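What follows is calculated from the coordinates using simple rules that are stated; it is not laboratory data. Just so it is clear, the model here is predicted, and its values are computed rather than measured. Glycine also receives a Cβ, built like all others from the backbone with ideal geometry; neighbour counts cover every protein chain displayed.
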Amino acid sequence: MSSKKNQNYNPNVPHLSVPPDKMRVIDIKKTEEHWSEYHLADGSILKLKPVMMEIKKAEGYYMPNGEPLYLANLSFVFNNKVPDKLKKSAKKKAKY
C-alpha cells in the first residue's frame with residue numbers, strides 16, 4: 001500500500017488492485033436500461049435508472065467462479081413523484 005492514505009479505503013470491504021495497464025475498455029454493442037421503482041411509506045415514488053458510462057475488463061483477473069472481472073463506471077438518472085403535502089414551497093431555490 002502506498003504511503004498516501006486512500007480516502008475511499010474501508011477495511012471491512014475486500015479490495016482488489018488492478019494495474020491500469022491491465023484494464024481494457026470493452027465497447028458496448030447494445031443497451032437495455034430499465035427503471036427500478038420504489039414505493040415509500042410516505043407516498044413518494046422514487047424511480048432510478050442506471051446508465052452505463054464505460055465498461056473495462058481486467059485482463060488476467062477472474063472471479064472465484066471463473067468469470068472474467070469487469071469494472072463498470074455508472075451514472076444514475078432519478079425521477080421522483082412526491083405527494084404535494086411533502087413538498088416545501090418553491091419560493092427559494094433549494095440548497096444542495
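Here is how the numbers come out for the structure above:
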| read-out | value |
| --- | --- |
| Under Karplus coefficients 6.51, -1.76 and 1.60, residue-wise ³J(HN,Hα) of region 33-48 in Hz, glycine/proline x | 10, 10, 7, 9, 10, 10, 9, 9, 4, 7, x, 6, 10, 10, 10, 9 |
| Out-of-range pairs (alpha-carbon distance over 32 Å; input Lys49/Lys87; Lys56/Lys95; Lys47/Lys88; Lys57/Lys81) | Lys56/Lys95; Lys57/Lys81 |
| Likely footprinting exposure, Lys57, Lys87, Lys47, Lys95, fewest C-beta neighbours within 10 Å first | Lys95, Lys87, Lys47, Lys57 |
| Computed over region 25-83, Cα set: Rg, Dmax in Å | 16.3, 50 |
| Exposure proxy order (Cβ contacts within 10 Å, fewest to most) of Glu32, Glu37 | Glu32, Glu37 |
| Under 14 Å, Cβ to Cβ, from Met53 - net charge with Lys/Arg +1 and Asp/Glu -1 | -1 |
| Additional length obtainable on full extension of the chain from Phe76 to Leu46, 0.36 nm per residue less Cα span | 9.6 nm |
| Cβ-defined net charge surrounding Ser75, 14 Å radius [Lys, Arg +1; Asp, Glu -1] | -1 |
